[in-house]
Structures are given as C-alpha cells and as structure tokens.
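Working notes, structure below.
The values are calculated or read from the model by the stated rules, or taken from the named source; none is laboratory data. Computed from a predicted model, the values in this text were never measured in an experiment. Here Cβ is always computed from backbone atoms with ideal geometry, including for glycine, and neighbour counts include all displayed protein chains. Surface areas here come from the heavy atoms of the whole protein model, side chains and all, with no ligands, DNA or RNA. Shrake-Rupley method; radii C 1.70, N 1.55, O 1.52, S 1.80 Å.
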Amino acid sequence: MVVPASVQWVEYDGMKRRGDPASLYLEERDPQKGYSKRKKNGGACPPAYTRSEYLALADKKVLPGSLQHTDGAKAYAVDLPGVLKDAVIHAYPPQFTKPGAASGSWAGTQSLDGWWGHAKRNCQEVNATTQNALKQHIHEAQWHHWVKTSDRWLAAGTVLRWHLEAE
C-alpha cells in the first residue's frame, strides 16, 4: 500500500457565546490551507490555524467588550481592541484561569468543545469524497444545536419558510 505524501483536511472554524446555542457560527476553512505532510510513521495532523485566519474571523464576530476563551494556539496571541482574553485550561475539575486573566472567569472546557464532539459523531461513516455530504452533516449538527431547546417542528417550518421566500 502506498501512503500519500500529503493529506487534505476538511476543517471548520467556529465561535459561539457561552449559554447561547443560537449564536453558533461556523465557517469552512479554506481548503488550500488544509494540507499537511505525512510523518514517517504514516500519521498526519491538520496544519496550524494562522493568525491571519483568526483575525479575519475575529473582525466579523468578536465584539468589543466581550470575554474570549481560547486555547493556547499561537494564532490567538493577538490583542483585539476592547476584548478581554483568557486561556482555557483543559482540566477537570475546572480551574480559575491564569493570573492576569479576567477576574473570576472560569476556564476548563470551552463551551464549543462539546459541540465539536457532537459534530464529529454526526459525521461518522460519511464519505467525505461525496460532494457536499460532509458539509450537510456539519450543518445538520449546527441546526440541532441552534434549536435544541425549542420546538423542532416550528424550527423546521421557519427554515422552510426562509427557503420558499428566497426562491
């Protein structure tokens, strides 16, 4: 068996406000930035998220006056005007954030971490080479998160109405 020299990853960037499922925002990462080389043992991991990618998303979605929990990726090591930041500590039980972080803020598990696990489970057994199959499953998981506590029949009717009005 021949191991390909590189791997293309399908990746999404996401943000949401803690406690507000309807705020979940997803953006598919540029496929050209999703290539990585295989290691000698055959393994591979996605390429790092870049600072320019983060700034492009933050300019659209991060509002001044917000508190942003991020992990330790180098892309996030930039000061945004009016935005407080702290670093997530992936530990149990949750710990207070490092000194210098926003007073009284908790880090532990980002509110988005659990959603990524749900989205990955929703995409198991999906043939990623089928046009739009992966994208449809990701957006299905996103819709379920948006409407998780509301009447799903009413939410489906709203989506259908939007679709009919768009035609």
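From the cross-link list K16/K148; K39/K135; K16/K60, which pairs have alpha carbons spaced over 21 Å apart?
Details: K16/K148 15 Å; K39/K135 28 Å; K16/K60 13 Å.
Table pairs above 21 Å Cα-Cα are K39/K135.
What's the FRET efficiency of A56 with L154 using the Cβ-Cβ distance as r and R₀ = 41 Å, to the nearest 0.05? Each step should come with its number before you reach the end.
Details: r = 35 Å, r/R0 = 0.84.
Efficiency, from the Cβ-Cβ distance: 0.75.
Over the range 1-87, with every protein chain in place, what whole percent of the accessible area is carbon and sulfur at 1.4 Å, could you tell me? Please list the in-between numbers first.
Details: 3200 of 5670 Å².
Accessible surface attributable to carbon and sulfur in the range 1-87 totals 57 percent.
Can you give me the distance in nm between label points at K40 and A5, each placed 7 Å from the Cα along the Cα-to-Cβ direction?
Between K40 and A5, the label points sit 1.9 nm apart.
Could you list which residues have their amide H under 5 Å from that of Y12, counting only those 5 or more apart in sequence or on another chain, with H placed in the peptide plane?
R29
Output ³J(HN,Hα) for the range 17-30: one whole-Hz value per residue in order, computed from phi by the Karplus curve 6.51 cos²θ - 1.76 cosθ + 1.60 with θ = phi - 60°, and x for Gly and Pro.
Using θ = phi - 60°, the values come out as 7, 4, x, 10, x, 5, 8, 4, 10, 10, 9, 6, 6, 3 Hz.
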